[in-house]
Amino acid sequence: MTLKDTATVRAYHNDRIERFGVEASEALGWKGQDSQQQRFQDVAGLADFCGHTVLDVGCGHGDLYDFLKGQGDIQYTGIDNIEAFLE
C-alpha cells in the first residue's frame with residue numbers, strides 16, 4: 001500500500017467517523033450492522049475456524065473476533081491503521 005493509498009483510506013474512515021460516530025458499523029465502511037453480520041456469516045461458512053489462528057488485517061473494532069469466538073476456540077489477532085477504531 002502506498003503512502004497515498006494509506007492517506008485515502010484514513011480520509012475515508014475519518015469522514016465516516018465524523019458522519020456516523022466511531023462505534024458505528026458505518027464508520028467501518030459497512031452499509032449497516034446487518035450487512036456486516038451477513039459478511040461474517042459468509043466468512044464463517046468458508047472454513048471451520050475452531051482451533052485455528054485468524055489474522056484480521058483491517059480489523060476495525062475487532063467485531064469479527066466477537067462473531068467467531070461464539071463458534072469455538074480461536075486465536076485471533078487484529079490490526080488496523082485507524083487508531084480511533086482500536087481504542
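The values are calculated or read from the model by the stated rules, or taken from the named source; none is laboratory data. Keep in mind that this is a model prediction, so the values were computed, not measured. Cβ coordinates were reconstructed from backbone atoms using ideal geometry, including for glycine residues, and neighbour counts include every protein chain displayed. Side chains included, ligands, DNA and RNA excluded: accessible areas come from the protein's heavy atoms. Shrake-Rupley method; radii C 1.70, N 1.55, O 1.52, S 1.80 Å.
Tabulated data
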item	result
Subset of the range 1-22 (residues that are modelled with pLDDT of 95 or more and of a type in the set (D, E, K, R))	D15, R16, E18, R19
Test: residue in the range 44-60 that is in contact (Cβ under 8 Å) with a residue 60 or more places away in the chain, among the β-branched types (V, I, T) and not in a helix (DSSP H, G or I)	no
Failed item, numbered, when R39 is tested on (1) over 14 Å from the mean Cα position of the chain (by Cα); (2) open to solvent by 60 Å² or more (accessible area, probe 1.4 Å)	(1)
All positions within the range 21-36 that are of a type outside the set (S, T, Y) and either loosely packed, with under 15 Cβ neighbours inside 10 Å or not in a helix (DSSP H, G or I) (or both)	G21, V22, E23, A24, G29, W30, K31, G32, Q33, D34
Pairs, first aromatic (F, W, Y) in the range 12-29, second open to solvent by less than 30 Å² (accessible area, probe 1.4 Å), C-beta under 8 Å, six or more apart	F20/A27
Complete set of residues in the range 1-17 that are open to solvent by 70 Å² or more (accessible area, probe 1.4 Å), polar (S, T, N, Q) and in a helix (DSSP H, G or I)	T8, N14
Tally of residues being touching a Gly at 6+ places or on another chain (Cβ under 9 Å) and at positive phi across the range 1-55	2
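Yes/no matrix, rows are residues, columns are (1) within 29 Å of T6 (Cα to Cα); (2) open to solvent by 50 Å² or more (accessible area, probe 1.4 Å); (3) under 11 Å from the mean Cα position of the chain (by Cα):
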position	(1), (2), (3)
V54	yes, no, no
G60	yes, no, yes
G70	no, yes, no
Q75	yes, yes, no
